[in-house]
């Protein structure tokens, strides 16, 4: 008789996802966003993006409220269903749909594992605007990095993408971690890829991440910026140095 004590436990089964529920949830979000759209808000979104991006024109507070209602709806189905709904929303390339997708995943960030990145990774190629890039980076990529540090290599690859929004998402992924003093070396090494980036969108993303890192590592960020002060765009440098102490700022900017 086989020794049962040597048998490996069966892998945990993921709860099945309901395709009809997923589709109806995404369709409901789209209906509500469409109804809440305003021309003036659409113009602001496109101005912030710096280009003509697909959007409904929904103010940020209303997008958040619509997303929050979906977060409540997805509490029972859990992370697998949430990722499936977010997948439908992200793949449209629409700014507000992507923001809601990131919001619902971010609400369950504590449950994200390194393996979940396989579901998240395709969303990088759907990005059309800095708003969704920042949301994807902070709410989805950052928890994935925390769960699986080897994904740093993937973020470096994203930082070399031809899509400026994907490059911005890559560096935005380090923002929440760098704010806590984590992944600082990895964040700086990824930033090096983008320190001479010609895209204002990417420049602002790098500057914002370095600004977050300076909260706990001001001297290190100042020294890092000093190495690039004669090569990097002024917008990037000044954004990154905005939270430094006066002496650190002088050292960083020259």
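The values are calculated or read from the model by the stated rules, or taken from the named source; none is laboratory data. Source: prediction; values computed, not measured. Cβ coordinates were reconstructed from backbone atoms using ideal geometry, including for glycine residues, and neighbour counts include every protein chain displayed.
Here are a few things to note about the model shown:
- Filter result for residue 162 (out of contact with any helix residue (DSSP H, G or I) (no Cβ under 9 Å at 6 or more places or on another chain) and either surrounded by fewer than 20 Cβ atoms within 10 Å (Cβ to Cβ) or free of Cβ contacts under 8 Å to residues at least 12 places away in the same chain (or both)): yes
Each row is one residue, and each column tells you yes or no for (1) closer than 14 Å to residue 187 by Cβ; (2) in contact with a helix residue (DSSP H, G or I) (Cβ under 9 Å, 6 or more places away or on another chain); (3) surrounded by fewer than 20 Cβ atoms within 10 Å (Cβ to Cβ); (4) modelled with pLDDT under 95.
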| position | (1), (2), (3), (4) |
| --- | --- |
| 205 | yes, yes, no, no |
| 216 | yes, yes, yes, no |
| 225 | yes, yes, no, no |
| 229 | no, yes, yes, no |
| 235 | no, yes, yes, no |
| 240 | yes, yes, no, no |
| 246 | no, no, yes, no |
| 252 | no, yes, no, no |
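- The set of residues in the range 189-200 that are in a helix (DSSP H, G or I) and buried (at least 20 other Cβ atoms within 10 Å of the Cβ) comprises 190, 191, 194.
- Here is the figure for the range 90-111: residues that are surrounded by fewer than 24 Cβ atoms within 10 Å (Cβ to Cβ) and within 18 Å of residue 129 (Cβ to Cβ) total 6.
- The combined condition, being free of Cβ contacts under 8 Å to residues at least 60 places away in the same chain, within 10 Å of the chain's Cα centre (by Cα) and more than 16 Å from residue 98 (Cα to Cα), is fulfilled by residue 143.
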